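Input: a single structure, listed below in structure tokens.
All of the numbers you see were taken from the coordinates with simple rules; none came from a lab. Since the model is a prediction, treat every value here as computed from it, not as a measurement. Here Cβ is always computed from backbone atoms with ideal geometry, including for glycine, and neighbour counts include all displayed protein chains.
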């Protein structure tokens, strides 16, 4: 979503001799929220960008903050038509949605397409399974050299995020709060929490892959910035809704045409970038590492070890990172150790003072009342079994081809020739007082003024400096 401001906010004069004031941009704009202040008169639009070719696929605008869910459904329909036209399977699609859509209700609008988006409903952090996962070691550490910020990633594969029970994978990224106010996320006890929602499987995309796809490879904020500089799609060109929409479509069409012509000028193969290495099974993690390179799978507890006795699954995870036994007593983590296969074992134990008088002791401990030790429960975090192939990203340059076409247009020479007619004395034209006062012409007068004369000669336009490949693409005659 990209907000557009309405120019001019001065009050209109209201006197008895003037008609009721009405702003010309009222059908286009409405009070909205752009992130700075509420009530600002704006117009928003939803855009679709093909991340690999950097071509626009659609634009949908609305007054104020727009109707985000309705526009998202229209965008999904447009993407599905694109898949049918190019005979692409759904498995090859990945939607990167802006934080505007970062709630669970959006899951029903994407029509089952894979997605990755930033979450904005931070109430998800209060869920017991998320809090329990945050109490365990992080799956991965994520950083980029250009920022220097190191994020700790916690992966939860199946979390309820919607009001109707919609579930998806949630990746929580944390980093210490700095001196400057953070722009994204929520701060709690000196830690900044960020949410990323996705339906990508853990076996193919690790938590670091999900964050990298959203923040880096899948980001399109730079394309929006280039569009504002080169095309100026947010310029007011009409006081009607469809006129403004037409201007934005034309701006995107010119952008796509420049990209297409740039590929004819500089024919280059698609470049391939490895955004995640391959994790081989024989690359076992060292015993002193905090976590494996590919992260952990879901936490697992032991099954029932004796008929009629409580198993580890009868001990519920608590938001504070502890376990709660069937009798309501607390089990705290007191040991973490690395297993030979790289798994991390977290041992939880209750207090012996809580276990001795417990009426459920016979169902809980091996020797019943004769046991001298408190009940312990082990939680295992196994390394993820990630595919052995690397994650590859294929695309073309974002600016190279488009700006090559723009540079070519600046170097062209245009020669316009028309045949001259024999000069003849035309009768004098008498102007009325209204015409002399430069009043507006009515529609018949405008059509008569702009009509193409039957005796008009043919106009020849010659372009110099156009490569032959571009001329053939446009269907121009080559001299």
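Numbers at a glance
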read-out	value
Between 0 and 90°, nearest 10: helix 68-86 axis offset from the chain longest Cα axis	80 degrees
Extension reserve of the residue 407-residue 394 stretch, reckoned as 0.36 nm per residue once the Cα distance is removed	2.1 nm
Where labels lie 7 Å past Cα in the beta-carbon direction, separation of residue 372 and residue 265 in nm	8.6 nm
Cβ-derived FRET efficiency at R0 41 Å, residue 238 paired with residue 92, nearest 0.05	0.65
Angle in degrees between helix 400-410 and the longest Cα principal axis of the chain, rounded to the nearest 10	10 degrees
Potential lengthening between residue 141 and residue 249 on full extension [0.36 nm per residue; Cα-Cα distance subtracted]	34.7 nm
Modelled label reach - residue 127, point 7 Å along Cα→Cβ, the stretch 176-195 residues with backbone N closer than 14 Å	195
Gap separating the Cα centres of the stretch 48-109 and the stretch 223-243, nearest whole Å	19 Å
The stretch 158-215 shape via C-alpha gyration tensor axes, a/c threshold 1.5	oblate
Peptides 185-191, 345-351 ordered by average Cβ neighbours within 10 Å, highest first	345-351, 185-191
Solution diffusion estimate, µm²/s, Stokes-Einstein, the chain, Kirkwood Rh from C-alpha pairs, 4 °C, viscosity 1.567 mPa s	46 µm²/s
Separation of the residue 256 and residue 221 label points, Cα + 7 Å toward Cβ, nm	2.7 nm
Linear extension gain, residue 314 paired with residue 275, 0.36 nm per residue minus alpha-carbon span	10.0 nm
Spin-label model distance (nm) - residue 53 vs residue 188, 7 Å beyond Cα toward Cβ	4.4 nm
Value of D in µm² per second that Stokes-Einstein yields for the stretch 300-381, Kirkwood Rh from Cα pairs, at 20 °C (1.002 mPa s)	163 µm²/s
Rounded to 10°, Cα long-axis angle of helix 221-230 versus longest principal axis of the chain	10 degrees
Within the stretch 196-235, backbone nitrogen closer than 15 Å to the virtual label 7 Å beyond the Cα of residue 82 toward Cβ	218-221, 223-224
Nearest-0.05 FRET efficiency for residue 478 and residue 160, computed from C-beta distance (R0 51 Å)	0.20
Mean Cβ count within 10 Å, highest first, over the residues of peptides 241-247, 198-204	198-204, 241-247
Ellipticity estimate at 222 nm from DSSP helix runs (n ≥ 4, -39,500 (n - 2.57)) divided over the chain, nearest 500	-6500 deg cm²/dmol
Ranked by how many other beta carbons lie within 10 Å on average, peptides 394-403, 86-95 from highest	394-403, 86-95
